[in-house]
Amino acid sequence: MRRPMIAGNWKMNTDLASGTELAKGLASHVAGKDSSVDVLVCPPFPYLQAIKEAVGDSGISVGAQNCYFEESGAFTGEVSVDMLQDIGCDWVILGHSERRHVLGECDGTINKKTKAAIAKNLGVVLCVGELLEERESDKTGEVLDTQMKGGLADVSEADLSKIIIAYEPVWAIGTGKTASPEQADQAHAHLRNWLSSNYSQAAAEAMRILYGGSVKPSNAEELLGQPNVDGALVGGASLTVDNFGPIIDAGR
Ligand code: PEP
């Protein structure tokens, strides 16, 4: 039985006051409820420490939206795994489509970051997903295979336990267009098959695979009810308690 995770990617949104208020609101939302779902929030770098404090002992984890693969040194503007762990981060999102397609990150870089994070036991939410034109030309499976192979190159089966995969079709991110529950489940099953072929059946069964792409309270329950969907990575709807709260509840 895979434990569900509901993760919020705040992207480049909020400020110190609104982020702190959101984190406190979420901490109140989960208080006293059963803890059968992992909850993760990923605020912008400057607010990580404040948000970590604001979620307190609610059980909500805090993660970053990126990291660099080198440990320290002359890498202006970058943030290391050690720095993230120093301020209490448990997770990092890597390979998000905005980093791939807006900021030009390739599988090789994502792989170096993934290995740097897991080497220090920082959990990785590794995002994969196809563009609209790739889906329309029946290349979804091929794109997912390439991103999995590239992102997980030289990652051992034992280390897979520190990784969660997020399937995020690019055409569904921030567009209001959600993959149908069947489309999501089919892509997740494809990813699980890839894990089974390239690692083992046990690794495939153990891997948590989150769906991301315009998840909202009105569609969360159906998406999360799919057999291969183990949670959600939520962008826009993670920015208010009114939206993220019910999505967390749908994961229970
Ligand atoms: C995301 O950024 O990971 C995402 C899925 O965004 P949204 O929920 O807004 O589509």
Out of the residues in the range 59-112 meeting the condition of being aromatic (Phe, Trp, Tyr) and over 16 Å from the mean Cα position of the chain (by Cα), tell me which one is nearest to Gly19 (Cα to Cα).
Tyr68
Could you figure out which of (1) free of Cβ contacts under 8 Å to residues at least 60 places away in the same chain; (2) within 16 Å of the ligand (Cβ to nearest atom) isn't true of Asp159?
(2)
Is the range 163-176 home to any residue that is farther than 15 Å from Leu40 by Cβ and away from the ligand (no atom under 15 Å from the Cβ)?
no
Restricting attention to the range 56-91, the residues that are of a type in the set (Val, Ile, Thr) and either touching a residue at least 40 places away in the same chain (Cβ under 8 Å) or more than 18 Å from Leu233 (Cβ to Cβ) (or both) number exactly 4
Options Leu191, Leu210; residue that is surrounded by 21 or more Cβ atoms within 10 Å (Cβ to Cβ), under 21 Å from Ser35 (Cβ atoms) and either modelled with pLDDT of 95 or more or more than 15 Å from the ligand (Cβ to nearest atom) (or both):
Leu210
Just to be sure I understand the filter: pairs with C-beta atoms under 9 Å, separated by 6 or more residues or on different chains, first member in the range 10-36 and closer than 18 Å to Gly236 by Cα, second member in a loop (DSSP other than H, G, I, E, B) and aliphatic (A, V, I, L, M). Which pairs pass?
Trp10/Leu239; Lys11/Leu239; Asn13/Leu239; Thr14/Leu239; Ser18/Leu239; Leu22/Leu239; Ala23/Ile60; Leu26/Ile60
Can you list the helices (runs of 4 or more DSSP H) lying wholly within the range 157-252 that have 1 or more residues being closer than 22 Å to Thr146 by Cβ?
181-198, 201-206
For Phe69, are the conditions met, namely being among the aromatic types (Phe, Trp, Tyr) and exposed (fewer than 14 other Cβ atoms within 10 Å of the Cβ)?
no
It is to be established whether one or more residues within the range 93-112 are more than 20 Å from Ala50 (Cβ to Cβ), more than 16 Å from the ligand (Cβ to nearest atom), basic (Lys, Arg) and in contact (Cβ under 8 Å) with a residue 12 or more places away in the chain.
yes
Note on Thr20: of the conditions (1) crowded, with 18+ Cβ neighbours inside 10 Å; (2) under 22 Å from Ile164 (Cβ atoms); (3) away from the ligand (no atom under 16 Å from the Cβ), unmet is (2)
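The values are calculated or read from the model by the stated rules, or taken from the named source; none is laboratory data. Predicted model, so just to flag it, every value in this text is computed and none were measured. In this analysis, Cβ positions are derived from the backbone assuming ideal geometry, glycine residues included, and neighbour counts consider all displayed protein chains.
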